[in-house]
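Just so it is clear, none of the values below were taken in a lab; they were calculated from the coordinates. Computed from a predicted structure; not experimentally measured. Heads up, the Cβs are rebuilt from the backbone with ideal geometry, glycines too, and the neighbour counts pull from every protein chain shown.
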Amino acid sequence: MPKPIRVFVRYVDLINKWIGRFAMQLIFVLAAVLLWSTVSRLVFGVPVNWALEMSQFILSAYYLLGGAYSLQLNAHVRMDLFYSRWSPRQKAAVDAFTILFVIFYLGVLFFGGWSSTEYAIAYKQKNYTSWAPLLWPVKVFMTIGIFLMLLQAISNFFKDLAAARGKPIA
């Protein structure tokens, strides 16, 4: 593979590793929000109206920002009817082909997320609840997470293509 592709793969993998490791820590923030909600309701008798939505937003950031790292680690679910019987080069060739569908899907999803984020920022879109938080922050995280997954899918394509040719990218 040409040097620019190897550099792209290295930096995308590095960025997604760091962001994925950060996203892992969001589970503790989520636990703290849910714990506070429970303590507030049961101990103080004062329910908080923002806890459910905030936990949904944190969980969204958790899986959207961690999605690219999961893709990088091949930690996603794969249906295995024939795959385990194939050689590493056959697996890489099939993965290089099928990731093209994922790249197309993520591209469409990214442009939809971009449009939705622009709308939320321009019109100061709020959620229709009693707390009524602005939606643009979660949409920004959503769009960034989808973009990172798109970059990781492209990185995986290059790695699979190189492996299918018998010259894996280290």
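Return the residues of segment 4-21 that are surrounded by fewer than 13 Cβ atoms within 10 Å (Cβ to Cβ) and within 22 Å of the chain's Cα centre (by Cα); say none if nothing qualifies. Don't jump to the end; show me each part of the working.
Looking only at segment 4-21, we keep the residues that are surrounded by fewer than 13 Cβ atoms within 10 Å (Cβ to Cβ), and these are 4, 7, 11, 14, 18, 21.
If the condition is that a residue be surrounded by fewer than 13 Cβ atoms within 10 Å (Cβ to Cβ) and within 22 Å of the chain's Cα centre (by Cα), then VAL7, TYR11, LEU14, TRP18, ARG21 are the ones that fit.
Hey, can you tell me all the residues within segment 76-129 that are in a loop (DSSP other than H, G, I, E, B) and surrounded by 12 or more Cβ atoms within 10 Å (Cβ to Cβ)?
TRP86, GLN125, ASN127
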**Request:** Search segment 141-160 for residues that are over 14 Å from ARG6 (Cα atoms) and pair each with any residue that is of a type in the set (Phe, Trp, Tyr) when their beta-carbon atoms are under 6 Å apart and the residues are at least 6 apart or on different chains.
**Result:** THR143/TRP114; ILE146/PHE110; PHE147/PHE110; LEU150/PHE110
**Complete:** Listed by first then second residue, the pairs whose first member lies in segment 88-116 and is of a type in the set (Lys, Arg), whose partner is surrounded by fewer than 19 Cβ atoms within 10 Å (Cβ to Cβ) and in a helix (DSSP H, G or I), with beta carbons under 7 Å and at least 6 positions apart or on separate chains, are ARG89/ALA163; LYS91/TYR83
**Prompt:** Restricted to segment 138-170, and to residues that are over 29 Å from LEU59 (Cβ atoms) and part of a helix (DSSP H, G or I), which residue is farthest from the chain's Cα centre (by Cα)?
**Reply:** ALA164
